[in-house]
Amino acid sequence: MKPVTRIAPSPTGFLHVGTAHTALYNWLFARKHGGKFILRIEDTDIKRSDSAMSDVIIESLKWLGLEWDEGPYFQSDKFPVYKKYAKELLQNKSAYYCYCTPKELEERKKEAISQKKTRKYDRKCFNLSDAEKKRFENRPKAIRFFIPDGKVSFEDGLHNKVERDSQDIEDFVILKSDGTPSYNLACVVDDHELGITNVIRGEDHLVNTFKQILLYKAFGWKPPEFVHHPMILGTDRSKLSKRHGAVSVLDYKKQGILPEALVNFLALLGWSPGDDREIMSREELIDLFSLDRLSLTASVFDIKKLEWMNGEYIKKLSDEELLDRILALTVNCQLLTVNKEYMLKIVNILKPRMQRLTDFGKFSGYFFEDPTQYESEGVDKYFKLPEVQRRLTLVKDRFSELKEFNVEAIESAIRELASELGIKAALLIHPIRLALTGKTGGPSLFHIVEILGKEAVIRRLKKALLFLKELK
Ligand code: GLU
């Protein structure tokens, strides 16, 4: 039987990387076995759900390339269906009406806590007499599931047999008094109706799964196979949250992370191919993925590792492709007016140093504008060298004389001058770099000089010489 999996986000916020992680495992499992992956939007909580968030979730999954075979299905389109199923449970005595108001529930809970009793629902409405039921007839009523005595257990693909005493589970609401279903009812109904065979989700849902197993039993349906994977942790080993940095998938997009890098990175947060391979294409991931290799221990979201991996993916892109991605991300009209050939040269030289697409903006400023200041550390180190003024003047003159202004000619001009002066080439290279870029570090200077071109180079050297004059 081909597996059918799903991702079922609630549109109460952006697509969290944790949900993307779960989506990825479901997607990989379905793709690996030639099955189906379904997108279901769990928007039954009318107050907290937002259709704009559904759009963002859809956009995020598309950006990650986790395409779905069916859906998106919206649970809000199916309210009558859930109601029908809730009534079915009423009829077979697996559920009962509850007339308690939120205020009453709150008061009784408080009382129970003060008396150190269980905080579970006290089954007041299950025990109502017919006369009492009549008295409450005009109240809004919810439907609660009756938890039968005994133990609830299931085989989890990762945790093996998990069991819970039903005494620890309260008679939960399946249909709220406003007629909307609770998560557990809607989830079970839909997983059943959509023929979901495997539910892969975070460990935080283990508590729900016991309730869902009971619902499957009450309906007489076969439950899917469950796998509850560990949650992603932040660097302090608590559950990943905003405190740790960006958690929304689109934030990573905005911050210059490539979707293929994020997918690769997320895949390895709790799964391994069985060897120490780290960079894996989508096809390799599908090929290698197996639920057996999921880890029981939670993984830490290490942003440094993501950046490293992103850098590796950036290096694999052609200059053209990388430029397209940079331009798609940076809505910078100024960049768009720059000659493409010039841009490609800069992309080529910066590529090995980029870990994010946004690094292009950070590293490339001096290719577009003459430096307006020089790093002060560089000024102390290189602009105060003996003879620096005379040396830079000689460099300027040599550069002016060059017929071919290319890397080879530039490099030999500098090296020849250094040997004529009887100094190391570095004693020229560092001050030239500072003069041309304002910085003490960066890619190969000879390439920078070539890309900037003779005119800009001479102009910048002259400017630096004026600055040096003032410095004295
Ligand atoms: N809407 C739930 C969530 O976003 C779905 C959980 C599930 O996979 O069943 O956590």
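The values are calculated or read from the model by the stated rules, or taken from the named source; none is laboratory data. In this text the structure is predicted, and so the values were computed from the model without any measurement. Positions of Cβ are backbone-derived with ideal geometry, glycine not excepted, and every protein chain shown enters the neighbour counts. What goes into the accessible areas is simple: the full protein's heavy atoms, side chains included, and nothing from ligands, DNA or RNA. Shrake-Rupley method; radii C 1.70, N 1.55, O 1.52, S 1.80 Å.
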Out of (1) open to solvent by less than 20 Å² (accessible area, probe 1.4 Å); (2) touching a helix residue (DSSP H, G or I) at 6+ places or on another chain (Cβ under 9 Å), the one Phe29 does not meet is (1)
First in segment 196-208 and of a type outside the set (Asp, Glu), second anywhere and open to solvent by less than 20 Å² (accessible area, probe 1.4 Å) and near the ligand (Cβ under 8 Å from one of its atoms), Cβ under 7 Å, 6 or more apart = Ile196/Arg6; Val199/Asp191; Ile200/Thr22; Arg201/Thr22; Gly202/Thr22
Among strands (runs of 3 or more DSSP E) entirely within segment 145-236, at least 1 residues that are on the phi < 0 side of the Ramachandran plot and more than 12 Å from the ligand (Cβ to nearest atom) occur in 151-156, 160-165, 173-175, 225-229
Filter result for Gly442 (under 21 Å from Arg353 (Cα atoms), in contact (Cβ under 8 Å) with a residue 24 or more places away in the chain and of a type in the set (Gly, Ala, Ser)) | yes
So, first residue open to solvent by 40 Å² or more (accessible area, probe 1.4 Å) in segment 38-55, second residue within 10 Å of the ligand (Cβ to nearest atom), Cβ within less than 6 Å, six or more apart or across chains; the pairs are Arg48/Thr12; Asp50/Pro11
Would you pick out the residues in segment 8-21 that are in contact with a Gly (Cβ under 9 Å, 6 or more places away or on another chain) and closer than 18 Å to Tyr73 by Cα?
-> Thr19
Go through (1) modelled with pLDDT of 95 or more; (2) among the aliphatic types (A, V, I, L, M); (3) over 28 Å from Arg6 (Cα atoms) one by one and return the number of the condition Ile113 breaks.
-> (1)
Filter result (open to solvent by 20 Å² or more (accessible area, probe 1.4 Å), assigned to a helix (DSSP H, G or I) and more than 17 Å from Ile458 (Cβ to Cβ)) within segment 408-428 = Glu408, Glu411, Ser412, Arg415, Glu416, Ser419, Glu420, Leu421, Ala426, Leu427
Within the set of pairs 6+ apart or on separate chains, which have a first residue in segment 131-156 that is closer than 13 Å to Tyr97 by Cβ, a second that is polar (S, T, N, Q), and C-beta atoms under 6 Å apart?
-> Pro140/Ser177; Lys141/Ser177; Ala142/Ser177; Phe146/Ser94
